[in-house]
Amino acid sequence: MAIHSQEILDELHAAEHGVTKFNRRLGITVTNAVATMWCAYAFAAIALISLPAALRLSFVAGSFRPLPIVTWVAQTFLQLVLLAVILFGQNMQSEKGDARAEATFRNTKEAEDRLAEILAGIAKRGEENALMEEQNNEILKRLEAQPAGRSEV
């Protein structure tokens, strides 16, 4: 019988206790919350709140200083928004991989079932051949036991 990945996960999770179980559940909950496009939109809105301050610092007294804008983009916007977008993308790729694995599992299971049918057919045919061989041997014995020139079967 084939083993499905969910069976393995269930075994691993059943063996977890206490802090390990709590940490896994908390990590999954936080990751599931952050790995959404809605979270990316919320992070973008939060990041945009600080944009006016970064712009004011970049354009002081008629001169342009790029460091505040670069800092805002790199440390605020990219880190907040890309975190959620990357996690979301990884989840999409994981779903595709899971779907491929499930398709492979189902195809393998179907092939295994078909192979079992074929092997059962071969075994039945082997039994039929053995029976026919016994019948042929019986006929041959009877023919050999008859006197020459008679052919009653």
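The values are calculated or read from the model by the stated rules, or taken from the named source; none is laboratory data. Bear in mind that the values here come from a model prediction, so they are computed numbers and not experimental data. Cβ sites come from the backbone with ideal geometry, for glycine too, and all protein chains shown count toward neighbours.
Things worth noting here:
- Within the stretch 14-38, the set of residues being surrounded by 12 or more Cβ atoms within 10 Å (Cβ to Cβ) and farther than 22 Å from residue 79 by Cβ comprises 16, 21, 24, 25.
Table: residues versus (1) modelled with pLDDT under 90; (2) in contact with a Leu (Cβ under 7 Å, 6 or more places away or on another chain); (3) assigned to a strand (DSSP E or B).
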residue	(1), (2), (3)
68	no, yes, no
72	no, yes, no
102	yes, no, no
120	no, no, no
123	no, no, no
127	no, no, no
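- Every pair of residues 6+ apart whose Cβ atoms lie under 6 Å, when the first sits in the stretch 96-117 and is within 20 Å of residue 6 (Cβ to Cβ) while the second is exposed (fewer than 10 other Cβ atoms within 10 Å of the Cβ): 109/2
- Residue within the stretch 46-56 that is more than 36 Å from the chain's Cα centre (by Cα) and outside any helix (DSSP H, G or I) present: yes
- Count of residues meeting criterion [farther than 22 Å from residue 39 by Cβ, surrounded by 13 or more Cβ atoms within 10 Å (Cβ to Cβ) and among the aliphatic types (A, V, I, L, M)] in the stretch 55-98: 2
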